[in-house]
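The values are calculated or read from the model by the stated rules, or taken from the named source; none is laboratory data. Because the structure is predicted, anything quoted here is derived from the model rather than measured. Cβ atoms come from the backbone with ideal geometry, glycine included; neighbour counts cover every protein chain shown. Just the protein is used for accessible areas: all its heavy atoms, side chains included, with ligands, DNA and RNA removed. Shrake-Rupley method; radii C 1.70, N 1.55, O 1.52, S 1.80 Å.
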Amino acid sequence: MATQWHLNLRFLPGVERAARYRFTLDYRFDPKVTIGLEANGLDQLLPRLTWFVTPATQSMPSVVAGITGDRLSTPTGQAMFVTFSKSINDVVTPFVGLKYGLDQQAVAFPFGANFSLGQSTFQALYDGNGTHLILTQSAKGINYSFMLARMRFPGIGISYGF
């Protein structure tokens with residue numbers, strides 16, 4: 001089983017206050033399910049849930065479902081999501097999803113791709129509201145991310161599993 005706890009911190013100067021700071025702490029109590037808390041804008045605490053429904057097979061994509069409140073694409077409240085992904089080869093993994101914002105009562109169709117580059121990963125995604133680029137480098141169990149949110153706001157993130 002992967003690490004039981006996962007901590008993630010993100011800072012995006014220049015964006016509105018609700019999206020500027022993000023802190024998540026998740027606990028994996030089952031190989032397929034994590035629960036956690038998410039703080040956005042330093043004044044809001046929301047529950048999180050991620051269910052890894054099924055891994056990808058030779059002929060079928062992986063399926064992940066859950067609830068989150070990431071302020072880059074969900075200005076208030078939370079969103080329910082389902083995401084499908086399937087590796088094309090050892091480098092490229094495209095994904096597509098469906099997201100429903102509970103407060104806005106709006107549907108979005110996120111999509112993008114992950115590109116494996118040795119110890120680094122590059123992700124390009126459209127979340128239903130904006131396009132983001134994220135470069136993540138792994139070193140000694142810590143992931144360092146450099147992002148360009150909404151294609152104009154540089155930011156940083158750090159995550160650690162324990």
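Give me the tail of P(r) for the stretch 12-129 as a percent: Cα-Cα pairs with distance above 19 Å. Please list the in-between numbers first.
Numbers: 3757 of 6903 pairs.
The calculated P(r) of the stretch 12-129 puts 54 percent of pairs beyond 19 Å.
With a 1.4 Å probe and all protein chains left in place, how much of the accessible area of the chain comes from carbon and sulfur atoms, in whole percent?
The value for the chain is 66 percent carbon and sulfur by accessible area.
Specify, per residue and in Å³, the volume enclosed by the convex hull of the alpha carbon atoms belonging to the stretch 72-162.
On the way: hull volume 10.1 nm³, N = 91.
Per residue, the Cα convex hull of the stretch 72-162 comes to 111 Å³.
Quick one: which residues, 5+ away or cross-chain, put their amide H under 5 Å from the amide H of residue 78? H built at 1.01 Å from N.
The answer is 102, 103.
To the nearest 10 Å², what's residue 138's accessible area with a 1.4 Å probe?
40 Å²
Taking only DSSP H segments of four or more residues, each worth -39500 (n - 2.57), what value at 222 nm results for the chain once the sum is divided by all its residues, to the nearest 500 deg cm²/dmol?
The helix-only estimate for the chain comes to -500 deg cm²/dmol at 222 nm.
Rg and Dmax in Å for the stretch 1-76, alpha carbons only: what are they?
14.3, 44
Trypsin sites (Lys or Arg not before Pro) within the stretch 92-152: which are DSSP loop residues with at most 10 other Cβ atoms inside 10 Å?
140, 152
For 5, 51, give me the order by solvent-accessible area with a 1.4 Å probe, most accessible first, ignoring ligands, DNA and RNA. Don't skip to the answer; put the middle values down first.
Working: 5 95, 51 125 Å².
Highest to lowest solvent-accessible surface, that is 51, 5.
For 38, 16, what's the largest-to-smallest order of accessible area, 1.4 Å probe? Mind dumping the intermediate values first?
Numbers: 38 0, 16 90 Å².
If we order 38, 16 from most to least accessible, we get 16, 38.
Check the straight Cα-Cα distances from residue 32 and name the lysines below 18 Å, setting aside those fewer than 8 residues away within the same chain.
Hits, sequence-local ones excluded: 86.
Can you pull the accessible area of residue 27 for me, 1.4 Å probe, Å² to the nearest 10?
Residue 27 has an accessible surface of roughly 70 Å² with all protein chains in place.
Hey, how many Å between the Cα centroid of the stretch 47-62 and the Cα centroid of the stretch 70-124?
First find each Cα centre; the distance between them is then 13 Å.
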